[in-house]
1. For segment 171-194, what are the residues that are surrounded by 13 or more Cβ atoms within 10 Å (Cβ to Cβ) and either acidic (Asp, Glu) or in contact with a helix residue (DSSP H, G or I) (Cβ under 8 Å, 6 or more places away or on another chain) (or both)?
2. Do we find a residue being modelled with pLDDT of 90 or more and over 27 Å from Ala48 (Cβ atoms) anywhere in segment 136-151?
3. Have a look at Ala89, Ala81 and point out the one that is farther than 26 Å from Lys196 by Cβ, modelled with pLDDT under 85, aliphatic (A, V, I, L, M) and within 19 Å of the chain's Cα centre (by Cα).
4. Which of the residues spanning segment 153-170 are surrounded by 12 or more Cβ atoms within 10 Å (Cβ to Cβ), without any contact (Cβ under 8 Å) to a residue 60 or more places away in the chain and part of a strand (DSSP E or B)?
5. Listed residues Phe169, Phe161; which is within 14 Å of Leu191 (Cβ to Cβ) and not charged (D, E, K, R)?
6. Any chance segment 34-53 includes a residue that's over 29 Å from Asp193 (Cα atoms), under 19 Å from the mean Cα position of the chain (by Cα) and touching a residue at least 12 places away in the same chain (Cβ under 8 Å)?
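The values are calculated or read from the model by the stated rules, or taken from the named source; none is laboratory data. Worth saying up front: this structure is predicted, and the values here are computed from it rather than measured. Please note: Cβ atoms are built from the backbone with ideal geometry, for glycine as well, and neighbour counts cover all protein chains shown.
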Amino acid sequence: MNVLIVEDEAAAARRLEKMILETSPAARIVDTLDSVEGTVGWLQQNPAPDLLFLDIQLADGSSFEIFEHIAPPCPIIFTTAFDEYAIQAFKVNAIDYLLKPIKQTELKQALDRYARLQQPEKIAAMLHLLQSSRPENYLRRMLIRLGNSIKLVDVNDATYFYTQNKINFLVLLDSGKRLPVDYPLDKLETLLDPEKFFRINRQMIIQLKAIKEMYPFSKSRIKLDLEPPIDLDTIVSTERSAHFKKWLIGEKID
């Protein structure tokens, strides 16, 4: 059982890790994190753990903000000193809610509950709940580093994403401002809502509302004028053109 701990107090994290290993010696603590930003990044870049222990008040905000960026990846056991978040916790399909200071008996009960969920039919039911807990499971917001500050950007405000000189950027529709992003395009392609975003070639992902004009191009390709304009190749590649036409009219892409 691979366990991820998210706890912003180092002493509490060490105590929880010790208690987990005492209760379940076969458990493996894959990492210990202390922030919303760090947890979102870790979950997007690593295989999902089997179980997530999640404190609610973290160094940079509430842990519920994590699920504004990524769907719950696995069963969750919340750990907190406050009881007023219980209803909100179970809305993201927590399997337990432990109040600090955590008691060994309560931790064992929570781990026993997790173990019972490992029966195949219950795993399927749990995964269904996790995936259906939000109307959509796509990336909604991004945290972007700008010098010594961090900017929160709504993904719907991004008109397109592109890579240039091995650096990835997004461009905002209203201002035309360019911002660096940590995600490679291959990763973004899996995170963005495919009804709104399409990868037209190896260098660029566009949002539907970015298209200003379209023109036929050689070899059945399509040339796009984007808003705001950009001095890059905005031609839909040959291998993507057929899917692009289906995407434009909202037809399902195989």
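1. Listed by number, the residues that qualify are Leu172, Leu173, Val181, Asp182, Tyr183, Lys187, Glu189, Leu191, Leu192, Asp193, Pro194.
2. Narrowing segment 136-151 to residues modelled with pLDDT of 90 or more: none.
The answer is no, given that none of the residues of segment 136-151 is modelled with pLDDT of 90 or more and over 27 Å from Ala48 (Cβ atoms).
3. Values: Ala81 fails: within 19 Å of the chain's Cα centre (by Cα).
Selected residue: Ala89, the only one of Ala89, Ala81 that is farther than 26 Å from Lys196 by Cβ, modelled with pLDDT under 85, aliphatic (A, V, I, L, M) and within 19 Å of the chain's Cα centre (by Cα).
4. Here is the first cut: in segment 153-170, the residues surrounded by 12 or more Cβ atoms within 10 Å (Cβ to Cβ) are 153, 155-164, 168-170.
Pick out the ones that are also without any contact (Cβ under 8 Å) to a residue 60 or more places away in the chain and you get 153, 155-158, 161, 163, 168-170.
Answer for segment 153-170, where residues must be surrounded by 12 or more Cβ atoms within 10 Å (Cβ to Cβ), without any contact (Cβ under 8 Å) to a residue 60 or more places away in the chain and part of a strand (DSSP E or B): Val153, Ala158, Phe161, Thr163, Asn168, Phe169, Leu170.
5. Values: Phe169 fails: within 14 Å of Leu191 (Cβ to Cβ).
Step by step, each of Phe169, Phe161 is checked, and only Phe161 is within 14 Å of Leu191 (Cβ to Cβ) and not charged (D, E, K, R).
6. Residues of segment 34-53 over 29 Å from Asp193 (Cα atoms): none.
No, that holds for no residue.
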